[in-house]
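Trainee: Next up is a structure, given as structure tokens.
The values are calculated or read from the model by the stated rules, or taken from the named source; none is laboratory data. Bear in mind the structure is a predicted one, so any value in this text is a computation, not a measurement. Reconstructed Cβ throughout: ideal geometry from the backbone, glycine too, with neighbour counts over all protein chains shown.
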Amino acid sequence: MPAELSGPWSQTATDSFLDTCTLPLRLSCVASDGFPRVASMWFHYETGQLLCVTHQNSKVAKILKQNNRVGFEVSPNEPPYYGVRGQGLVAIRPLGDSPLLEDLLARYVGDTNSSFAKWLLGRKDEELILSIAPQRLYTWDYRERMP
């Protein structure tokens, strides 16, 4: 089922932004102590899903295994302000043979040849895919009134 969308952008514009944007996704989840946590995540948008990768022992993975409800935002930090916010449900699965980590490295780092990229790829069998199914999306765009 498609996410409920509100704000000035159409579904096509929202999909296009998420598909081409190279800003990190800010993910918010609530830990067992009741306090929210926010993490910046690289993401890939595919058929209505926001896909991220995290290590199996990360705090984010541990929290999401207990509570899969999240909030998220993709937007620049500088004016003019625009972007997409939402709420969704996360499904977690092993990265396995998926090329997602390589795709994210190419998108955010430029290639897979750096020592950082090689380090991440060296522990690929310990990585998880976080598949966020948006339930609600909200767009905003102040570019016309914030020159």
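Trainee: Give me a count of the residues in region 98-132 that are more than 18 Å from Thr22 (Cβ to Cβ) and in a loop (DSSP other than H, G, I, E, B).
Mentor: Residues that pass the stated criteria total 3.
Trainee: Among the residues of region 29-59, count how many are under 18 Å from Gly86 (Cβ atoms), outside any loop (DSSP other than H, G, I, E, B) and more than 10 Å from the chain's Cα centre (by Cα).
Mentor: In the first step, residues of region 29-59 are kept if they are under 18 Å from Gly86 (Cβ atoms); the result is 29-30, 36-52.
Then keep just the ones that are outside any loop (DSSP other than H, G, I, E, B); that gives 29-30, 36-41, 44-46, 49-52.
Restricting the remaining residues to those that are more than 10 Å from the chain's Cα centre (by Cα) gives 29-30, 36-38, 46.
Selection size over region 29-59: 6.
Trainee: Criterion first (surrounded by 19 or more Cβ atoms within 10 Å (Cβ to Cβ), in contact (Cβ under 8 Å) with a residue 24 or more places away in the chain and farther than 30 Å from Glu144 by Cα) does Leu105 satisfy it? I'd like the intermediate steps shown before the answer.
Mentor: Details: surrounded by 19 or more Cβ atoms within 10 Å (Cβ to Cβ): yes; in contact (Cβ under 8 Å) with a residue 24 or more places away in the chain: no; farther than 30 Å from Glu144 by Cα: yes.
Here the answer is no, as Leu105 does not meet what is asked.
Trainee: Would you point out which residue out of Leu51, Leu64 is touching a Phe, Trp or Tyr at 6+ places or on another chain (Cβ under 7 Å), closer than 10 Å to Leu130 by Cβ and surrounded by 14 or more Cβ atoms within 10 Å (Cβ to Cβ)? Explain how you work it out, then say what you get.
Mentor: Values: Leu64 fails: touching a Phe, Trp or Tyr at 6+ places or on another chain (Cβ under 7 Å).
That would be Leu51, the only listed residue that is touching a Phe, Trp or Tyr at 6+ places or on another chain (Cβ under 7 Å), closer than 10 Å to Leu130 by Cβ and surrounded by 14 or more Cβ atoms within 10 Å (Cβ to Cβ).
Trainee: Is it the case that region 14-32 has a residue that's closer than 14 Å to Ala133 by Cβ and surrounded by fewer than 13 Cβ atoms within 10 Å (Cβ to Cβ)?
Mentor: no
Trainee: Something else now. Just checking, how many residues over region 82-100 are in contact with a Lys or Arg (Cβ under 8 Å, 6 or more places away or on another chain) and either modelled with pLDDT under 95 or of a type in the set (S, T, N, Q) (or both)?
Mentor: Residues meeting the conditions: 1.
Trainee: Which residues, taken from region 60-85, are touching a Ser or Thr at 6+ places or on another chain (Cβ under 9 Å) and assigned to a strand (DSSP E or B)?
Mentor: Within region 60-85, Val70, Gly71, Phe72, Glu73, Tyr82, Gly83, Val84, Arg85 meet the criteria.
Trainee: Since Gln135 meets every condition but one in (1) over 26 Å from Pro8 (Cβ atoms); (2) in contact (Cβ under 8 Å) with a residue 40 or more places away in the chain; (3) in a strand (DSSP E or B), which condition does it not meet?
Mentor: (1)
Trainee: Condition first: under 20 Å from Leu100 (Cα atoms), modelled with pLDDT of 95 or more and either among the small types (Gly, Ala, Ser) or out of contact with any Phe, Trp or Tyr (no Cβ under 7 Å at 6 or more places or on another chain) (or both). Now tell me which residues in region 27-48 satisfy that.
Mentor: Within region 27-48, Ala39, Ser40, Met41, Phe43, His44, Tyr45 qualify.
Trainee: Of (1) more than 28 Å from Asp125 (Cβ to Cβ); (2) charged (D, E, K, R); (3) part of a strand (DSSP E or B), Asp15 satisfies all except one. Which?
Mentor: (3)
Trainee: Still on this model: Could you identify the single residue in Gly86, Gly96 that is closer than 23 Å to Thr47 by Cβ, touching a Phe, Trp or Tyr at 6+ places or on another chain (Cβ under 6 Å) and either surrounded by 15 or more Cβ atoms within 10 Å (Cβ to Cβ) or not charged (D, E, K, R) (or both)?
Mentor: Numbers: Gly96 fails: touching a Phe, Trp or Tyr at 6+ places or on another chain (Cβ under 6 Å).
Exactly one of Gly86, Gly96 is closer than 23 Å to Thr47 by Cβ, touching a Phe, Trp or Tyr at 6+ places or on another chain (Cβ under 6 Å) and either surrounded by 15 or more Cβ atoms within 10 Å (Cβ to Cβ) or not charged (D, E, K, R) (or both), namely Gly86.
Trainee: Counting just the residues of region 124-147 that are farther than 14 Å from Glu4 by Cα and of a type in the set (Ser, Thr, Tyr), which one comes out surrounded by the fewest Cβ atoms within 10 Å (Cβ to Cβ)? Reasoning before the result, please.
Mentor: We begin by selecting, within region 124-147, every residue farther than 14 Å from Glu4 by Cα; these are 124-132, 140-147.
Subsequent filtering for residues that are of a type in the set (Ser, Thr, Tyr) retains 131, 142.
Details: Ser131: 17, Tyr142: 12.
My answer is Tyr142.
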